[in-house]
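As structure tokens, the structure follows; a few thoughts come after it.
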Amino acid sequence: MHLQFPYLAWCLRRKPTLLTVSPMSFTTYTSPPPSQPAPPPAGRREWTALAVLLLPCLLVSMDVSVLYFAVPFLTAELEPSSVQQLWILDVYGFVLAGLLITMGALGDRIGRRKLLLSGALLFGLASGVAAYAQSAEMLIAARALLGIGGATLMPSTLALIRNLFHDAKQRGKAVAIWSSAMMGGIAIGPVLSGALLEHFWWGSVFLINAPAMVLLLVCGPLLLPEFKNPAAGRFDLPGSLLSLLAMLPTVYGIKEIARDGVALRPALVLAAGLLAAAAFVYRQRTARHPMLDLELFRHRGFSVSVLMNLLATFAVVGCAVFFTQYLQTVRGMSPMESALWNLLPTLAVGGMAPTAAVLGRRMDRAYVIALGFVIAAGGFVWLSWLEPGSALWFVLVASSVYASGLVMVMSLGNELAIGLAPPERAGSASALLESGTELGGALGMAILGSIGSAVYRADMAGALPAGLPSAAADAARETLAGAAAVAAELPGRAGEALLSAARSAFTDSLQSAVLVAAGVMACAAVLAVLLLRGLGRPGAEGEAGAVGAAGASEAARPAHSGATPSIR
């Protein structure tokens, strides 16, 4: 044929064709280019599995704030020292932050469902121990166990969402729902705690975890497929220890500086954490079987998404402390009343995560994330006009505005980062996202809290009445709660004047903190456009293959043989 029809032979060599031969003519049809098969859409089972995954997500986020109202009750019964009381509150978050990276890598190796169910069992048992703790030491140990369980649950839930939802559109919806559950859990925690404490003993705030964990242990094996990285090597124990030595001292040092100001001990602890972090990065670059694939950070979309989440959490956690104190101490609300009002902004923004997911499918997500930061900045600027006598609606609407913007940012940031990560590395990627969130919250409390404290002390320096004892003056200068306690001991108008001055000083400190937060949000909006533009456009999910040499392949298939997971 090549000898009889040299031109046709030349065409065949140049371009693949389909050839139809007839007695009268030759017609050539260009074959369609090969295309990747569309990922299978998620069905009813996957969406039901998502509902099951929301249980641990909701409870772990609730446990961050559920103790706020229980502290006076457990203090009266267990009589902890001041140091023990701080550890009861903080040890959960410290252990959670320290073990996130370890547990994310462990889930990639042993299987995410196995790790999730093991963590659920530990979380449920630790909740029972905490509820019936007979001493402060026992409660601290139980809270530490809860932190270990929480560290297994958080990265596992987000990683399993990555494995359950292969279609980018559906995955965006799933991550948006997950993000809403996270925000909802933090807001519901104090309300649920207050409601339980009105009718039951302080341990009841922990027992609420047990039924949900039992439900997860029953439904998880039926609905959740097992996924793990089949190419994972030996577990990197030295890397695990270094990650713990990096995260725990860093978060501890930042929180201590936020609480008590810059001092030698927390500064040294923070420096030690940073040195351990540098050693951890070096270990991951040189180890034969590292815990983390640092190639994740070579993709701009992933690393910038982690940064965006950190900045969003910086603002929301740093300002939440001021908002709660404003409602309780400036407006004089009871803890339960302030918790209920605090819940309203969360309910108002419940639909923002799905809205952000819809916008992210129609336009470049860089612009949607930037829009979220701009909305948040507007809400913070609005709050900067707050006065002690401002109407309650003014506070609630402003809080709803900034919360709406930050929900958009965190929802799309999580979805973009998880979509870019190779499925077999989804556990490690989720752990990195959560670690960034923990660091952002700690930095927010430290930086914004320090700014607010400095403004408050400066305003109170000239507002103290003459003749006030030095101990009382120090207490009034340090915190609004201290000033309120001192004002209650002063006679008549002197106490009222001190309390009024303290409330005005606190409002000034809130205004300064939210203006700084607004400036950070404005800078973050610019960064989102500059660094994410083009990476977050609709249909860009295929760029996941750029993250990790093996990440784009079918190495993401489940632990058992076969291309699709089986439900065991």
Inset, instruction - Would you be so kind as to identify which of Ile188, Ala174, Phe94 lies farthest towards the positive end of the dipole of region 94-225, taking Lys and Arg as +1 and Asp and Glu as -1 on Cβ and the Cα centre as origin? - result: Ala174
Legend entry - Per-residue Cβ neighbour rank within 10 angstrom, fewest leading, Cys523, Cys319, Cys219, Cys57: Cys523, Cys219, Cys57, Cys319
Legend entry - Relative contact order for region 48-235, counting Cα pairs under 8 Å that sit 6 or more residues apart, in percent: 42
Inset, instruction - Go ahead and run the numbers for FRET between Glu478 and Ser81, Cβ-Cβ distance against an R0 of 35 Å, rounding to 0.05. - result: 0.95
Legend entry - Measure of compaction for region 311-542 (Cα Rg per 2.2 N^0.38 Å): 1.18
Inset, instruction - Along Cα→Cβ, 7 Å out, is where each label goes; now give me the distance between the ones at Arg300 and Leu237 in nm to one decimal. - result: 4.2
Inset, instruction - Compare the Cα positions of Ala481, Gly492, Gly452 along the charge dipole of region 311-542 (+1 at Cβ of Lys, Arg; -1 at Cβ of Asp, Glu; about the Cα centre) and return the one farthest towards the positive end. - result: Gly452
Inset, instruction - May I ask you to give the average projected area over all directions of the convex hull of the Cα atoms of region 447-505, in nm² rounded to one decimal? - result: 3.6
Legend entry - Burial order of peptide ranges 406-412, 337-343, 376-382, 500-506 (average beta-carbon count within 10 Å, highest first): 406-412, 376-382, 500-506, 337-343
Legend entry - Sorted by Cβ density within 10 Å, fewest first, the residues Leu248, Leu224: Leu248, Leu224
Legend entry - Shape of region 141-200, Cα gyration tensor, a/c cut at 1.5: oblate
Legend entry - Cα-Cα pairs of region 48-235 separated by more than 23 Å (percent): 41
Legend entry - Ordering of 269-280, 110-121, 354-365 by packing [mean C-beta count within 10 Å, highest first]: 110-121, 354-365, 269-280
Legend entry - Label-to-label distance, nm, for residues given as Glu337 and Val281 (7 Å Cα→Cβ offset): 5.0
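Computed from the coordinates by the stated procedures, all read-outs in this text should not be read as laboratory data. From a predicted model like this one, the values you see are computed outputs, not experimental measurements. Methodologically, a virtual Cβ is constructed for each residue, glycine included, from the backbone with ideal geometry; neighbour enumeration extends over all protein chains shown.
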